[in-house]
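The next block holds one structure in the form of structure tokens; read it before the comments.
The values are calculated or read from the model by the stated rules, or taken from the named source; none is laboratory data. Treat the numbers as computed from the prediction; the structure is a model and nothing was measured. Backbone-built Cβ (ideal geometry, glycine too); neighbour counts: all protein chains shown.
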Amino acid sequence: MAELALIRTAQGLVPATEADREVTQKWKLGQVIHGKFTKMRNAKFHGKFFSMLDLAWEYWEPVGGLVPRQEMRGIRGLAKFFEAASGKPGQLSHAVDSYIAHLETERAERFPTVEKSREAFREWVTIEAGHFHLVRTPDGVRKEAKSISWANMDDTAFEPLYRDVFNACWRLVLSAHFETEDAALSAADQIGSYA
């Protein structure tokens, strides 16, 4: 179930952010959408948050193929463990690189196209910002982004989330494209309609 924000205008309800627009574009014309609506406490803060995320998402380019960072850490960590046990540092590095290249090739053949997803990016950045909880799945324990539901979060609770997510966006994406954090925030201001 999608959660989105709408703005009431003279033309009716319109999506508040680019992410919200993407959700509504998936709906068929004439389709009836049902939901429970609440007025947001601070729509400007909402817009600021999603403008910052949109900016980071636009600049983000997926790298690393289809081998997730956690899996790479596990493979490289196991190799380092065996190297330390054998007393021969670097002994397995060539084998590890070959194995990872083999995994990337094999997975690229099975999954030829992988779409860049705004929602997946938002969840990833939220987790990287430290706002997650652990869930047990059949595949093991994994991190799940905490909800940023406006119905359940006031400005006091939202402010640390915003700050932490901005810091994650800066560290992981935006610092490679902007001289300063202020320059990145200014660019996000230009995207949003809240400025």
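Mind telling me which of the residues ALA188, ALA108 ends up being among the small types (Gly, Ala, Ser) and within 12 Å of LEU53 (Cα to Cα)? Quick ask: steps written out before the conclusion?
Numbers: ALA108 fails: within 12 Å of LEU53 (Cα to Cα).
When all the criteria are applied, what remains is ALA188.
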Can you find a residue in the range 102-123 that is in contact with a strand residue (DSSP E or B) (Cβ under 6 Å, 6 or more places away or on another chain), surrounded by 11 or more Cβ atoms within 10 Å (Cβ to Cβ) and either modelled with pLDDT of 85 or more or under 17 Å from LEU4 (Cβ atoms) (or both)? yes
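Does any residue of the range 89-111 turn out to be within 30 Å of PHE166 (Cα to Cα) and in contact with a helix residue (DSSP H, G or I) (Cβ under 6 Å, 6 or more places away or on another chain)? If you could, list the steps in order and put the result at the bottom.
Here is the first cut: in the range 89-111, the ones within 30 Å of PHE166 (Cα to Cα) are none.
Within the range 89-111, not a single residue is within 30 Å of PHE166 (Cα to Cα) and in contact with a helix residue (DSSP H, G or I) (Cβ under 6 Å, 6 or more places away or on another chain).
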Just checking, how many residues over the range 124-140 are at pLDDT 85 or above and over 30 Å from LEU174 (Cβ atoms)? 4
Filtered residue count, the range 2-57, keeping only those that are closer than 30 Å to LEU172 by Cβ and polar (S, T, N, Q): 5
So which residues in the range 43-71 are at pLDDT below 85, surrounded by 15 or more Cβ atoms within 10 Å (Cβ to Cβ) and not aromatic (Phe, Trp, Tyr)? ALA43, HIS46, GLY47, LYS48, GLY65, LEU66, VAL67
Requiring at least 3 residues that are more than 30 Å from ASP139 (Cα to Cα), in contact (Cβ under 8 Å) with a residue 12 or more places away in the chain and under 18 Å from the mean Cα position of the chain (by Cα), the helices (runs of 4 or more DSSP H) wholly within the range 1-90 are 18-25, 43-59
Given (1) aromatic (Phe, Trp, Tyr); (2) more than 17 Å from GLY47 (Cα to Cα); (3) at pLDDT below 85, where does PHE158 come up short, assuming only one miss? (2)
